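Participant: Shown below is the structure under consideration.
The values are calculated or read from the model by the stated rules, or taken from the named source; none is laboratory data. These figures come from a predicted structure and were not determined experimentally. Note: ideal-geometry Cβ built from the backbone for every residue, glycine included; neighbour counts use all protein chains shown. To get the accessible areas, we keep the full protein, side chains included, count just its heavy atoms, and leave off ligands, DNA and RNA. Shrake-Rupley method; radii C 1.70, N 1.55, O 1.52, S 1.80 Å.
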Amino acid sequence: MPGEKEDSVNEQIYDEDDQETPEIEQSLVSSGDNQSNSTRWKVATILNNQQLREELMDYIELQMKAGPHPSCLVAVKQQFFGGQSPLARIPGEINSAPIIPIADMRGVDSSKYSKGERLMRCKLASLYRLVNLRGWNSTIKNHITARLSEDSMQSFLVNPYGLLYKEVTAGNLIKVDLEGRILDRGNTVLGVNQAGFSLHSAIYSARPDINCVIHIQTAETVAVSVLKKGFIQLTQDALMGGVPCYLECEAAYLNSDTKEAIINSISDDCDIIFVRNHGLYACGPTLETAWRFAEMAFRGCQQQLQMMKAGLDNLTYISEEAITLVKNHMHADATNLGSEIMWEPGALEFEAEMRILDNKGFRTGYVYKAPAL
């Protein structure tokens, strides 16, 4: 009989593995109604057969080599072939709280946004998680913003005021105009910290070429911001942190009277803005470039504070010629770096960070340029 044959096949498959209930079957069958449990059980049965798992893995690898794609195949690979689940836990997190997936937009939630905005939302939310993992965030304070360049009107994405960085997702980012007025609240009921967004707004107004701003207010960046000598580019990391400029502390709390003065004081070649007593703002034409400037500048601040213990007179300074050489390299156009893929500045490093997040189970929604390495 057909039913008997199916039962025989299933028994044969289970004979090849442990007799205890497999972990994959438990995770698939433990949720859902009775109608769907039959299908879940069949999927679990296949995945617990070594030969079928290898064939499925070969198919996934073949599809991934075809080129850029949504992260669904990466997620399947991680879920069943060595990655962590969406409920993976980060060591050291309070109460080992489950990870909140980044790419949380489904159905109606995602249909109201263009493809470009959906991808930007995923990348920006992923950047919030990177900053959180680095320990650079300050509870619900500070902001990372991105310009939606495809819009005919000026619009920007910013975090809801009240969420921790590890709670920010693609769906709960808020869209605002240049003055901070809410255009789209996403899937949150929270609002926007207008005072915090004001300096971001001034930077975007002064520099149409900037599309991402990252505020880092750590002990290291604040310490350097208060120094009379400011950010001294003493190391390669500091040089790769970009060109610094400085604003007085009142720039962090702009009003209509002072905003124009701040706009006029931001130079055209500035990559990192140190606001006195308030940390740094890393800026870039892309989110990836801003992230590289932020990470390198933060390292430069750490190194500077360590070296200053020896006294400024005992330090060796980098020549202006070397500074210019590195600056030109940092602002170079896209390059293939000897591969078939053209990489914009900072994109190679950022994609590596996305792999780390996806391997931890964050479900970034990032579209990889090099999905199969």
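Participant: So residue 225 ticks every box in (1) open to solvent by less than 10 Å² (accessible area, probe 1.4 Å); (2) in contact with a helix residue (DSSP H, G or I) (Cβ under 7 Å, 6 or more places away or on another chain) but one. Which box is left unticked?
Facilitator: Evaluating residue 225 over (1) open to solvent by less than 10 Å² (accessible area, probe 1.4 Å); (2) in contact with a helix residue (DSSP H, G or I) (Cβ under 7 Å, 6 or more places away or on another chain) leaves (2) as the failure.
Participant: If you don't mind, there's one more thing I want to ask. Picking from 199, 173, which residue would you name as being in contact with a strand residue (DSSP E or B) (Cβ under 8 Å, 6 or more places away or on another chain) and modelled with pLDDT under 95?
Facilitator: Details: 173 fails: modelled with pLDDT under 95.
Answer to the check: 199.
Participant: Given the conditions (1) farther than 24 Å from residue 227 by Cα; (2) open to solvent by 20 Å² or more (accessible area, probe 1.4 Å); (3) in a loop (DSSP other than H, G, I, E, B); (4) touching a residue at least 24 places away in the same chain (Cβ under 8 Å), report the number of the one that residue 362 does not fulfil.
Facilitator: Result: residue 362 passes all but (2).
Participant: Condition (residue is in a helix (DSSP H, G or I), open to solvent by 40 Å² or more (accessible area, probe 1.4 Å), modelled with pLDDT under 95 and touching a strand residue (DSSP E or B) at 6+ places or on another chain (Cβ under 9 Å)) applied to segment 95-102: is it met by at least one residue?
Facilitator: Looking only at segment 95-102, we keep the residues that are in a helix (DSSP H, G or I), and these are 95-96.
Checking the rest, the ones that are also open to solvent by 40 Å² or more (accessible area, probe 1.4 Å) come to 95-96.
Those left that are additionally modelled with pLDDT under 95: 95-96.
Next, only the ones that are touching a strand residue (DSSP E or B) at 6+ places or on another chain (Cβ under 9 Å) stay: 96.
The answer is yes; a qualifying residue exists.
Participant: Counting just the residues of segment 144-185 that are of a type in the set (Gly, Ala, Ser) and either in contact with a Phe, Trp or Tyr (Cβ under 6 Å, 6 or more places away or on another chain) or assigned to a strand (DSSP E or B) (or both), which one comes out surrounded by the fewest Cβ atoms within 10 Å (Cβ to Cβ)? Even if it seems obvious, please write down each step before you answer.
Facilitator: Just the residues of segment 144-185 that are of a type in the set (Gly, Ala, Ser), to begin with: 146, 149, 152, 155, 162, 170-171, 180.
From what is left, the residues that are either in contact with a Phe, Trp or Tyr (Cβ under 6 Å, 6 or more places away or on another chain) or assigned to a strand (DSSP E or B) (or both) are 146, 180.
Working: 146: 25, 180: 19.
Here the residue is 180.
Residue-wise test of (1) modelled with pLDDT of 90 or more; (2) among the hydrophobic types (A, V, I, L, M, F, W, C); (3) open to solvent by 50 Å² or more (accessible area, probe 1.4 Å).
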{"residue": "241", "(1), (2), (3)": "no, no, no"}
{"residue": "281", "(1), (2), (3)": "yes, no, no"}
{"residue": "285", "(1), (2), (3)": "yes, no, yes"}
{"residue": "292", "(1), (2), (3)": "yes, no, no"}
{"residue": "296", "(1), (2), (3)": "yes, yes, no"}
{"residue": "306", "(1), (2), (3)": "yes, no, yes"}
{"residue": "319", "(1), (2), (3)": "no, no, yes"}
{"residue": "325", "(1), (2), (3)": "no, yes, yes"}
{"residue": "329", "(1), (2), (3)": "no, no, yes"}
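Participant: Within segment 204-224, is there a residue that is at positive phi and in contact (Cβ under 8 Å) with a residue 24 or more places away in the chain? Give the steps one after another, and end with the answer.
Facilitator: Going through segment 204-224, the residues at positive phi turn out to be none.
Within segment 204-224, not a single residue is at positive phi and in contact (Cβ under 8 Å) with a residue 24 or more places away in the chain.
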